[in-house]
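*Asks:* The structure is given below, and queries will be raised subsequently.
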């Protein structure tokens with residue numbers, strides 16, 4: 001319902017770009033989870049094949065026009081990927097919302113310091129997270 005109100009106000013559905021990083025085995029499970037997480041809330045989801053470099057990712061994110069990016073990969077790759085991706089995206093659009101698929105407990109604070117706004121994972125409050133995101137991107141409260 002809130003996604004439809006957003007569309008009525010903005011002329012398009014809220015959208016999420018899945019930053020699928022690495023090989024398909026690195027990102028597939030979290031990309032599939034993320035796609036379902038956002039689609040249930042009426043979001044349009046851009047789900048491209050995996051990226052091997054951040055320059056291509058940033059170009060595609062900017063071309064998509066989305067205001068939300070969800071990084072999908074493995075916990076062991078996140079410490080290297082997150083700072084590079086957040087820095088590159090925030091330098092082009094400081095208001096972009098960057099989410100991490102997964103909840104690597106020992107990495108949470110570091111990822112927040114590096115610009116991750118939120119985390120999506122099994123057991124997360126889907127309604128609360130989607131409502132919060134819609135509010136952050138200028139949706140209806």
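The values are calculated or read from the model by the stated rules, or taken from the named source; none is laboratory data. Note that the coordinates shown come from a computational prediction; the quantities given were computed from them, not determined experimentally. Methodologically, a virtual Cβ is constructed for each residue, glycine included, from the backbone with ideal geometry; neighbour enumeration extends over all protein chains shown.
*Asks:* Filter segment 111-141 down to the residues that are farther than 21 Å from residue 40 by Cβ and either surrounded by 18 or more Cβ atoms within 10 Å (Cβ to Cβ) or in contact with a helix residue (DSSP H, G or I) (Cβ under 7 Å, 6 or more places away or on another chain) (or both) and list them by number.
*Replies:* 111, 114, 115, 116, listed by residue number.
*Asks:* Something else about it: Could you check how many residues of segment 76-88 are surrounded by 14 or more Cβ atoms within 10 Å (Cβ to Cβ) and part of a loop (DSSP other than H, G, I, E, B)?
*Replies:* Counting residues in segment 76-88 that are surrounded by 14 or more Cβ atoms within 10 Å (Cβ to Cβ) and part of a loop (DSSP other than H, G, I, E, B) gives 1.
*Asks:* Oh, and also: Name the residues in segment 89-121 that are closer than 17 Å to residue 136 by Cα, part of a loop (DSSP other than H, G, I, E, B) and in contact (Cβ under 8 Å) with a residue 24 or more places away in the chain, would you?
*Replies:* Listed by number, the residues that qualify are 93, 95, 96, 115, 116.
*Asks:* When the residues of segment 18-57 are filtered to those that are touching a helix residue (DSSP H, G or I) at 6+ places or on another chain (Cβ under 8 Å) and within 10 Å of residue 72 (Cα to Cα), which remaining residue is surrounded by the fewest Cβ atoms within 10 Å (Cβ to Cβ)?
*Replies:* Of everything passing the filter in segment 18-57, 50 is surrounded by the fewest Cβ atoms within 10 Å (Cβ to Cβ).
*Asks:* On the given criteria, is residue 35 more than 16 Å from residue 24 (Cα to Cα) and assigned to a helix (DSSP H, G or I)?
*Replies:* When the stated conditions are applied, residue 35 does not pass them.
*Asks:* Only one of 17, 12 is in a loop (DSSP other than H, G, I, E, B) and free of Cβ contacts under 8 Å to residues at least 60 places away in the same chain; which?
*Replies:* After applying the criteria, what remains is 12.
*Asks:* For segment 58-75: of the residues being buried (at least 20 other Cβ atoms within 10 Å of the Cβ) and in a loop (DSSP other than H, G, I, E, B), which is modelled with the lowest pLDDT?
*Replies:* The selected residue is 66.
*Asks:* Could you pull out the residue among 136, 105, 129, 113 that is modelled with pLDDT under 95 and over 25 Å from residue 56 (Cβ atoms)?
*Replies:* From the options 136, 105, 129, 113, the qualifying one is 136.
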